[in-house]
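The values are calculated or read from the model by the stated rules, or taken from the named source; none is laboratory data. Since we're looking at a predicted model, the values are computed, not measured. Positions of Cβ are generated from backbone atoms using ideal geometry, with glycine treated the same way; all protein chains shown enter the neighbour counts. To get the accessible areas, we keep the full protein, side chains included, count just its heavy atoms, and leave off ligands, DNA and RNA. Shrake-Rupley method; radii C 1.70, N 1.55, O 1.52, S 1.80 Å.
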Amino acid sequence: MTSKSRPEESLLSRHMEDYHADTKGYDEFWDAETNQPRAHWQNLVQQLEKLPESDFRARQQLIHRQLQEIGVTYSFGKEDKSRRAWELDAIPYVLDQHSWQQLNAGMQQRAKVLNAVFKDLYGRRELLTSGIIPAEVVLNSEQYIRPAHGLYNHIETPLMFYSADITRNPDGQLVVIRDKTQMPTGVGYCLENRVAMSRVMSSEFSSAEIARLSGFFKAWHGTFTAMVPHNRTPNIVMLSAGASDETYFEHAYLAAYLGYNLVLGADLTVREGKVWLKTLDGLEQVDVILRWVDDQACDSLELKEDAVCGVPGLLHAVRQGNVIVINPIGAGILESPGLMSYLPAVCEHLFDEPLLLPQIDTFWCGDKNRRHFVLDNLQNMVIKRADYHAKNQYPASMDDTKLEQLRHKITQQPAKYVGQQFLEFSRAPAWNNAKFQAKPIKIRSFALTEQGSYRVLPGALTRLVYYQQQENPFTGLLKDTWVLGENEENYSSLWQLVGEQAAYRGHEQITSRTAESLFWVGRNIERSESQVRLVRAILSRLTEYSPNREEDALAHIEKLITGLLPHHPQIADALEDMAEKGRSAYWWMMRQFVFGTDLNGGLTATFGFFLNSAFNVRDYWSGDTWRIIDEINQAARRIKYSKPTRSVSDMQELLNELLDSVSAFLGHAAESLSRDGGWLMLEAGRRLERAHQIINLSEILLSNAVDNEMESLVLDSLLYSQESLATHRRRYRVEQRMETVVELLLLNADYPRSLCYQLKRLKQLVAEMPNEQNDSRLERHEKMILSALTRIQLCELSDLVIANKKGERNNLQALLDDVSSDLNDLAEAISQIYFSHTEGAAQLLQGQVQS
Amino acid sequence: MKFRIKHITRYEYAEPVSLCQNLARLTPLTNEHQTRQSCSFTISPAPSYLGEHKDYYGNLVTRFDIPEQHKVLEVSVTSEVLVLEKPQSLLFSFDVAWEQVRDEIARGLTADMLFAKEFTYASKFIELLPSLKEYALLSFKPNRPLLDATRHLMHRIFTEFQYDPAFTTLSTPLQTVIEHKRGVCQDFAHLAIGCLRSIGLAARYVSGYIETLPPEGQEKLEGADASHAWFAVYLPGSGWMEFDPTNDIVPGSQHIRLAMGRDYFDVTPLKGVLFGGGSNVLTVSVDVARV
């Protein structure tokens, strides 16, 4: 901590007044009786007392920047409200040792009970025949997946993960308010929060005995590996709904951390009752699927027919014992509020013990007595759907008409509703809107099965709840959760684990989808770069007046502008419509191109494509690479949100920043990406795009001959936009001429910016791509690149520069056309051979029974 | 009575299909009404994978994949089934009042009763509309014996509803069927089931075949039979009692059972997921012959 010359007031002393404004609920932090913070907060308070507010704010900023860098707050396109980023509070939530022990034991027990319920409901159903749980709660619920019945009898603990939302009641007692049994949503945020906090609050961290999280994640991997009986390394994948899912960041983060392949449904296919991953090298069998899609969405063949994010046939593969899905399909029934109301009785019945951790009072209205209780106490209740979590209803805030309607609904279909006692959540301190405030919180705790019992994460994801009505998953303010007490675990860093995990993965499997995304990352980054360079060339032309040849100079600028967006109707129309073509009109156009957000193919759009394709394979990038991608994002956003009226030098400045970050990305990618199939695809995309860009500009600028004076200008623009002026000067030591420029930019086999060089690289890359044929016959993509390269290698420089009487360079034009068409075929062939064609699955038409 | 059933389902696609994965419920049941003596599938193109399992309701499901590019899929199933004669008169000797059955199901906790209970709830194709209850109560007068009332309900559906294959499709909601009083066997079965469930009784959907006889003096046409559907109601102690509202008869020796479930969705004879295909044409031909 830096010491300041002038003492500054600390955070706490300045803001305690704000804190005491909220007096509802149990105060986690302040003990009103002793009028001081509770004992387990004292250590943190002492640390914070020493901290000037400005330092504290700086740390909060640092956290924000870290989250942004790793992509938590990623957004580029239209601000998407559903993916609104959350923030991490620099003030953690502190849990004392006694409470932790209670939480730990309670979570273990509850996981054990729910696992037993799961096994019973999908097996013998003794809980229903004994009347402990009313049959209707289960059998009339859409969450009960009938095709999964009988699948789990042979598994001891099918419920691999269990999570729960917990708060404290006004007496300070920990209370379970909701069970989460399909997937451990939030556990990745928990990990990521801890990593961020341990960096920013390192001194506070080391001064307190805070339980470490690494043991939990080690156990996680151990449990997964032990599930697959054979000797080879199990193939474990994480199934996500993709970048459109609001928790996609978490999936990508965890997959990268644990070393699992992150896949979408379309990356998997079921053949012969087994699940296969589509990779560049062909199909590879999958042993374990950690799924982040709902039960019903897992299999459009046997479950919900219109589900697109699952894998058709998955359930049958589970039935055949060929794959393990975690959590098991059908676990959603355990989340139903209707079932929750019977859990205390279930625990007594099955284990002869009470629930160690109390749960929020929950009443299923299908039961007559409970219904009456709910209706009699409606004002103190929260009304929920019995079978799944939907929008809650709060009778306390309803007018008489609404209340009557609700009463009527409950009376009409009582089995569909559950009443839960309204509970004032406990309050914990938060740094919120530059105030130190008491805010209601929910703690999400996670448990994982390990050798037949459960292990609880000694930490949690604590969420600030602005209104208790709010059900949004992870928006707003999150907190790291510090469990105080002696640390049983040996020191092992969270990052140490990553290295170990990565070693579990035998070789890098590149899915066909990842390959495709990386190909587009390559194409789009190259396209972005060449657009920026061309824009800079145009801007510099626009600033040079040529009083003698103004008309020709303007025609040249117009050509360059066309080069930005070849065959683009919007540009063509705009150029056509300009009443007065002049520098000011072109200025206007360039500003549109750079700053306009509605122009297809404009700079913002091109960068958007790049960023989206990079985000689609978020798990592929290392932390550093993503940080650089985020720098591109920031640079592009600065352009997107700056005023289009900025001066030329400002524009140049912004473009240079952008170019710097692009170069940093390319340099870093070349250095750090392993030379696997993914890199091949990225590089192939880049080379292909650069070849197209050279062809495109050469065609526009060189296919018609102009007089000497103009030619010098044209060649200068071309070399400038290809960043080749200096090279040309060095190599040829003469003023640029048609011959030298064509030789350098098109035919030179060793110059990294020439067309010939791109084709040579492509040929090497294509040769390195996995090939099923072992004989010497060439595949289509190999033929295409051979053809393109040969055309360039066989042509004569003198033929290319010749123009006919009309000034047309037909030979050059023909060559460029032919190469361009070969390259299009090449791209098509690569796509056919290597990318997964993720057309949606359709349902077989069903005949009506017609007698 | 022994039958040989030939059931051919054929899909012709406009575009090639690169992969299809299917579930067939085309193997006749063996139960108290009938014995399956043989059943064989011929699938073209030949599937790379063919598996079988029993579903939640005890139906035999055939699961197959065709990963080979094709434009025509043909699934042909030939089965031989021995249908047992059941004395019809016995069925109507029960005089248990329907309310008593309703209450018994509501209270019951045995595995059998639980299984019956599942058929008292709404299901994918059968929403428990107030209009169904109204319609049901006209037959289910207080204290009327369950089977008598059910037969009455069946008879009313038969007389008041018109058989009209042009009117409904698979997705026609029950409300429309009830408003226009038109439909096919599947609609009538769903309707009757909905009526029974809406008053707390357990009713299930049965898919299968019915033997049709040509008009006198004419030869029977090949492929002219069809899939059929009817319903069954649960009577504790006696089991599931079947009724065919399309023909106003209690199924006897001419009905052959394929599968049963809550509604059509649970027993769809052939369903699948496919990649490619474009528009397609479906033809089904069924032959039921005595042997």
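In degrees between 0 and 90, to the nearest 10, how far off the longest principal axis of chain A does helix A:39-49 point, with axes built from Cα atoms?
Result, in degrees: 30.
Under a plain spin-label model, where a point goes 7 Å from the Cα along Cα-to-Cβ, how far apart in nm are residue A:226 and residue B:6?
Output for this residue pair reads 5.9 nm.
Considering the stretch A:512-673, what Rg and Dmax in Å follow from its alpha-carbon atoms?
17.0, 57
Relative to the Cα centre, what is the charge dipole magnitude of the protein assembly as shown, using +1 at the beta carbon of each Lys and Arg, -1 at the beta carbon of each Asp and Glu, and rounding to the nearest 20 debye?
Details: 118 positive and 146 negative charges, 155 e Å.
That gives a dipole near 740 debye.
Might you tell me the accessible area per residue for the protein assembly as shown, computed with a 1.4 Å probe and given in Å²?
41
Averaging over every viewing direction, what projected area does the convex hull of the Cα atoms of chain B cover, in nm²?
Computing the convex hull of the Cα atoms and averaging its projections yields 15.8 nm².
Using only Cα atoms and rounding to the nearest 10 degrees, what angle (0 to 90) does helix A:187-200 make with the longest principal axis of chain A?
In chain A, helix A:187-200 runs at an angle near 70 degrees to the longest axis.
In whole angstrom, how far apart do the alpha carbon centroids of the stretch B:198-276 and the stretch A:298-362 sit?
Rounded to whole Å, the Cα centres lie 33 Å apart.
Could you give the length gained on full extension between residue A:171 and residue A:804, defined as 0.36 nm per residue of separation minus the Cα-Cα distance, in nm?
218.5 nm
For chain B, set up a GNM with springs between Cα atoms under 10 Å and report which of B:81, B:233, B:273 has the largest fluctuation.
Evaluated over chain B, the most mobile residue of the options is B:273.
Using only Cα atoms, figure out Rg for the stretch A:710-801 and give it as a multiple of 2.2 N^0.38 Å.
It is 1.32.
For helix B:146-160, what angle does its Cα long axis make with the longest principal axis of chain B, in degrees from 0 to 90 and rounded to 10?
60
Using a Cα distance threshold of under 27 Å, what count of lysine pairs results for the stretch B:88-264 when pairs must be 8 or more residues apart or interchain?
On the way: B:117/B:133; B:117/B:141; B:124/B:133; B:124/B:181; B:133/B:141; B:133/B:181; B:141/B:181.
Lysine pair count for the stretch B:88-264: 7.
Relative contact order for chain A: what percent, with Cα pairs under 8 Å and sequence separation of 6 or more?
15
For an R0 of 41 angstrom, estimate the FRET efficiency from the Cβ-Cβ distance between residue A:676 and residue A:555 and round to the nearest 0.05.
0.30
Can you pull a Stokes-Einstein diffusion coefficient for the stretch A:676-840 at 10 °C (1.306 mPa s), Rh from Kirkwood over Cα pairs, as a whole number of µm²/s?
94
Loop sites only, by DSSP: take the chymotrypsin sites (Phe, Trp or Tyr not before Pro) in chain A that have at most 11 other C-beta atoms within 10 Å and name the longest stretch containing none of them.
Segment A:1-466 is the longest.
So how much accessible surface do A and B hide from each other in total, probe 1.4 Å, in square angstrom to the nearest 100?
Interface between A and B: roughly 3900 Å².
Between residue B:54 and residue B:111, how high is the FRET efficiency from 1/(1 + (r/R0)^6) when r is the Cβ-Cβ distance and R₀ = 25 Å? Nearest 0.05.
0.95
Could you look at chain A and say what percent of its accessible area is carbon and sulfur, using a 1.4 Å probe and all protein chains?
Values: 16290 of 34700 Å².
With neighbouring chains kept in place, the figure for chain A is 47 percent.
Calculate the mean, over all residues of peptide B:267-277, of how many other protein chain Cβ atoms lie within 10 angstrom of the residue's Cβ. Walk me through the numbers before you get to the answer.
Details: counts 1, 4, 3, 4, 7, 9, 14, 6, 8, 4, 3.
Across B:267-277, the average partner-chain Cβ count within 10 Å equals 6.
DSSP beta bridges in the stretch B:88-264, what fraction antiparallel, as a percent rounded to 5?
Beta bridges within the stretch B:88-264, antiparallel portion: roughly 90 percent.
Just to compare against my own numbers: the Cα pair-distance distribution for the protein assembly as shown, 20 Å bins, whole % per bin, please.
The distribution over the protein assembly as shown is 10, 32, 32, 21, 5, 0, given as percents.
Which value, in Å² and to the nearest 10, is the accessible area of residue B:246 when all protein chains are kept and the probe is 1.4 Å?
20
If you place +1 on the Cβ of every Lys and Arg, -1 on the Cβ of every Asp and Glu, and leave all else neutral, what size is the dipole of the stretch A:302-410 about its Cα centre, to the nearest 20 Debye? Let's see the in-between values first.
Values: 11 positive and 14 negative charges, 54 e Å.
In total the dipole reaches around 260 debye.
Taking only DSSP H segments of four or more residues, each worth -39500 (n - 2.57), what value at 222 nm results for the protein assembly as shown once the sum is divided by all its residues, to the nearest 500 deg cm²/dmol?
Helix contribution divided over all residues of the protein assembly as shown: -13000 deg cm²/dmol.
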